[in-house]
1. Would you mind working out the magnitude of the charge dipole of segment 246-374 relative to its Cα centre, with +1 at each Lys and Arg C-beta and -1 at each Asp and Glu C-beta, to the nearest 20 Debye?
2. Determine the dipole magnitude for segment 8-321: charges of +1 sit on the beta-carbon of Lys and Arg, -1 on that of Asp and Glu, nothing else is charged, the reference point is the Cα centre, and the result goes in debye to the nearest 20.
3. Determine ³J(HN,Hα), in whole Hz, for all residues of segment 36-46 in sequence, where each value follows from phi through the Karplus function 6.51 cos²θ - 1.76 cosθ + 1.60 and θ = phi - 60°; x replaces Gly and Pro.
4. In deg cm²/dmol and to the nearest 500, what is the mean residue ellipticity at 222 nm of the chain if only DSSP H runs of at least 4 residues count, each as -39500 (n - 2.57), divided by the residue total?
5. Find the relative contact order for the chain and round it to a whole percent, using C-alpha pairs within less than 8 Å whose residues are 6+ positions apart.
6. I'd like the distance between the alpha-carbon centres of segment 334-374 and segment 192-226, rounded to an integer number of Å.
7. Between residue 316 and residue 366, what is the spin-label point distance in nm, taking each point 7 Å from the Cα along the Cα→C-beta axis?
8. Could you calculate the contour length gain from residue 280 to residue 295, that is, 0.36 nm times the residue separation minus the distance between their Cα atoms, to one decimal place in nm?
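The values are calculated or read from the model by the stated rules, or taken from the named source; none is laboratory data. The structure displayed is predicted, hence computed values, not measured ones. Note: ideal-geometry Cβ built from the backbone for every residue, glycine included; neighbour counts use all protein chains shown. Keep in mind that these areas ignore ligands, DNA and RNA; they rest on the heavy atoms of the full protein, side chains included. Shrake-Rupley method; radii C 1.70, N 1.55, O 1.52, S 1.80 Å.
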Amino acid sequence: MGLDVKPVSTLSEKASYDVADFAVPTGREEEWRFTPLNRLRGLHDGTAVGDGKVVVEVNADPEVRVESVGRGDPRVGSGYTPTDRISAQAYSSFTTATVITVPREASVERPITVRLRGESAEQAAYGHLTVIVEAFGSATLVLDHTGSATYADNVEFVIGEQASLKVLSLQEWRDDTVHVSHQHAHLAKDASFRGFNVTLGGDLVRIRPSVSYHGQGGDAELYGVYFVDAGQHLEHRLLADHSVPNCRSRVDYRGALQGEEAHTVWIGDVVIRAEAEGTDTYELNRNLVLTDGTRVDSVPNLEILTGEVAGAGHASASGRLDDQQLFYLQARGIPAAEAKRMVVRGFLGQLVQQIEVEEVRERVEAAIDVELAK
């Protein structure tokens, strides 16, 4: 489990389970330059002792196997190797991992719900979740983060041949929470993954969704919605690593910001390696700035090492509310505050409407309305 140096991808140059293989970040590194290290409470430098607790509760149909296991279980870490110091620290520090298995050819109708509830932000906690969907199986998973915590974890999705997994991850923490998470999807031949992150709460939240392909025909869609308030730092760093031919990826993240020192970071990295001919990929990030004093950092990256691609592109846009849209609504008797809410709802709603679990979609819509009322 030593150091593995990857030839490309500035976001994940190294992979190792050993914390010592990663230097303590200084903030000058490309992967850390947007993150306020002084607000991580020691998760990045080894001073955060894992004596806190995040309660994990799983609700699933009987056909789904749910197990609590130790680090020695061979399934833990089978789909993902940590790619930065916090990820390696979380891997070496968790005490019990949760393994969820969808059996071969099983089609799980009811969403599997994993509730992660932080009890206090005063002490750090570390976690690990492994979700395995065996060949030809399908399921929907909801990750529900609430409460107060200082928390770092790794979440790995191992998706078998012609299997399908849809994941909704809600970060609705209290305002005192620091959460750093790696969410990695490991796709076999003709596997399908659809990940959706909704990040609303927390003081500092940094999510790193990533996808690797291990057979032709893999298909991944990564979506995200976030709303950043005064003083919040919400960061999403994505990586789609195309290393086999004829795979597809789509990325669409969008967010809104309001309040002094509200800060959002979105980094989208897509790598198309020389052997990944026939790749079809596109990534998009859009941000809507609602007040003065906010900051947006949006960086799409595309590395293409072969000329034989089906399609590849990226786009990023950040701007204020459209005055013409607001004028149009106000000219029809709609008050200015309500006109603003309608525009923002429409902007974020294009993605929110794609949340297939009705109760989750309604909860997100209600949470966005609360944000807009502030």
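1. 440 debye
2. Its charge dipole is roughly 220 debye.
3. Running phi through 6.51 cos²θ - 1.76 cosθ + 1.60 with θ = phi - 60° gives x, 4, 5, 9, 7, 6, x, 5, 9, 10, x Hz.
4. After summing the helix terms and dividing by the residues of the chain, the value is -4000 deg cm²/dmol.
5. 10 percent
6. Taking the Cα centre of each part, segment 334-374 and segment 192-226 sit 21 Å apart.
7. Label-label distance for residue 316 and residue 366, simple model: 3.5 nm.
8. Full extension from residue 280 to residue 295 adds 2.3 nm.
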